[in-house]
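Input: a single structure, listed below in structure tokens.
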Amino acid sequence: MKIFRADYVFPVCADPIKNGVVAVDDSGKIISVSANDSVDNQFVEKVNGIICPGFVNTHCHLELSHLKDKVKPRRGLINFIKDVQAVRNAGDAEIAAAAVKADEDMYDNGIVAVGDICNSNITIPIKAKSKLYYHSFSEIFSFLPERAQDSFDKALALAGEFKAGSASITPHAPYSVSKELFRLIKHYCDTRERNLISIHNQESEDENKFFRYRLGGFLDLYDHFGIDITYFKSQARNSVQTVIPLLSNKQEVLLVHNTCTNLKDIYFIKRFDKKVHYCFCPGANLYIEDKLPKIELFIDQGFNLTLGTDSLASNTKLCILHEMRLIQERIPAIGFDRLLKWATVNGAKYLGIDDEKGTIEPGKTPGLNVITGMEGFRITPATKVKRLV
Ligand SMILES: [Zn+2]
């Protein structure tokens, strides 16, 4: 057993505790958390800084880790997609080695659980050995209606290669999944106990332009890949408004990025009886589009808000504290306590692991991080995370 005393303990499920004490057993299970001053000092390890639960990263692509520094930043999503397709092929050994390192980096950065998008089975052995919890999303895309069944079957087969219960099938994005394919996924979701959905949503203004007016960069993108989409008609509404009605209301749905989601979209989504959560990936948004979502619009709307790193193709590191810092630097009104919820318990709730992760409570095994270099409760360039348990 270990006992830690920190300047502050943030259990997340309760108010911060000044000079808080956390006792944890050798398996990482929390025994107690308190402001108990009477604990015998010789057994107590004094920790400078804030103790908080391990972080949950709800959006990553571990299998793209070998693309770090390979894609030029700030050229917009259309160019990003073209560039990734042009450089993503590499030898299995190179891809696997980069993924192993990324997994270790996430561990060191205090991440305990990851929602990970997959287009291949290459990360399966890495996840089997990892100290992190992974939920893998077998991602489906095909914008051609005649390809729907084939794409669906392939994704289902890939999901089946993962450990039972650790994977689900998911549509990639509104612009890359036909209505026919959405229908196949919905039917699957309606008839399954659990199939977590995670969709890239409104990552660029081009996506809205494509759906509203059938204009913009996606026409060029489909042309670039030689895909004939003459069948597709303008939908006269934003992409998310087109696809929300096509989703099952039985499964939890994570909308990722939301860079170009507006208040009208948010109200539209609220009117539907769907289990929607949001994920913000500010590091990737700044890398690709050089802009952030209107994050303030999402607050206090009754949605569960979470954070993700996206992949090393579009980020400099896989670190949830870094994502929190990017938000706080640009939107100072969003406080540390709120960001910490997004970074821990909210992600755990979406992944369905909040009985174990996300808060410091007796009986849970959330992992423990130490945050140092804060100014009051503000994250600064000097703020660091270190894994304690
Ligand atoms: Zn992504």
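The values are calculated or read from the model by the stated rules, or taken from the named source; none is laboratory data. All of these numbers come straight from a predicted model, not from anything done at the bench. Backbone-built Cβ (ideal geometry, glycine too); neighbour counts: all protein chains shown. Only protein heavy atoms, including side chains, enter the accessible area calculation; ligands, DNA and RNA are left aside. Shrake-Rupley method; radii C 1.70, N 1.55, O 1.52, S 1.80 Å.
Just a few scattered comments:
- Restricting ASP310, ASP228, ASP300, ASP220 to those that are over 30 Å from TYR107 (Cβ atoms), under 22 Å from the mean Cα position of the chain (by Cα) and either among the charged types (D, E, K, R) or surrounded by 15 or more Cβ atoms within 10 Å (Cβ to Cβ) (or both) reduces the list to ASP300.
- Tally of residues being out of contact with any strand residue (DSSP E or B) (no Cβ under 9 Å at 6 or more places or on another chain) and not charged (D, E, K, R) across the range 14-40: 2
- Of all the criteria given as (1) surrounded by 20 or more Cβ atoms within 10 Å (Cβ to Cβ); (2) within 16 Å of ASN369 (Cβ to Cβ), the one not satisfied by TYR107 is (1).
- Residues located in the range 35-61, provided they are more than 13 Å from VAL114 (Cβ to Cβ), under 24 Å from the mean Cα position of the chain (by Cα) and among the aliphatic types (A, V, I, L, M): ILE50, ILE51
- The residue of the range 121-153 that is nearest to the chain's Cα centre (by Cα), among those that are within 29 Å of PHE211 (Cβ to Cβ), among the hydroxyl-bearing types (Ser, Thr, Tyr) and open to solvent by less than 10 Å² (accessible area, probe 1.4 Å), is SER136.
- The range 196-228 - residue that is part of a loop (DSSP other than H, G, I, E, B) and touching an Asp or Glu at 6+ places or on another chain (Cβ under 9 Å) and, of those, nearest to LYS274 (Cα to Cα): LEU196
- Selection within the range 25-46: residues that are polar (S, T, N, Q) and touching a residue at least 40 places away in the same chain (Cβ under 8 Å). The member of this set that is surrounded by the most Cβ atoms within 10 Å (Cβ to Cβ) is SER32.
- Out of ASP25, ASP40, one residue alone is away from the ligand (no atom under 16 Å from the Cβ) and at pLDDT 95 or above. It is ASP25.
- Among (1) in a helix (DSSP H, G or I); (2) within 16 Å of the ligand (Cβ to nearest atom) - the single one LEU255 does not satisfy: (1)
- Residue in the range 47-61 that is among the aliphatic types (A, V, I, L, M), within 30 Å of ASP83 (Cα to Cα), touching a Ser or Thr at 6+ places or on another chain (Cβ under 7 Å) and in contact (Cβ under 8 Å) with a residue 60 or more places away in the chain present: yes
- Residue list for the range 282-297, restricted to those being more than 16 Å from the ligand (Cβ to nearest atom) and either over 19 Å from ASN79 (Cα atoms) or assigned to a helix (DSSP H, G or I) (or both): LYS294, ILE295, GLU296, LEU297
- Summed over the range 89-120, residues that are more than 17 Å from the chain's Cα centre (by Cα) and in contact (Cβ under 8 Å) with a residue 40 or more places away in the chain total 3.
- For the range 62-73, the criterion of a residue being open to solvent by 30 Å² or more (accessible area, probe 1.4 Å), among the hydroxyl-bearing types (Ser, Thr, Tyr) and within 27 Å of the chain's Cα centre (by Cα) is satisfied by no position.
- Single match in GLY367, GLY347, GLY373 (criterion: open to solvent by less than 20 Å² (accessible area, probe 1.4 Å) and at positive phi): GLY367
- Looking only at residues in the range 266-281 that are in contact with a helix residue (DSSP H, G or I) (Cβ under 9 Å, 6 or more places away or on another chain) and assigned to a loop (DSSP other than H, G, I, E, B), the one that is nearest to HIS61 (Cα to Cα) is CYS281.
- Scanning the range 290-314 for residues that are under 21 Å from LEU263 (Cα atoms), of a type in the set (D, E, K, R) and touching a residue at least 40 places away in the same chain (Cβ under 8 Å) yields a single hit, ASP290.
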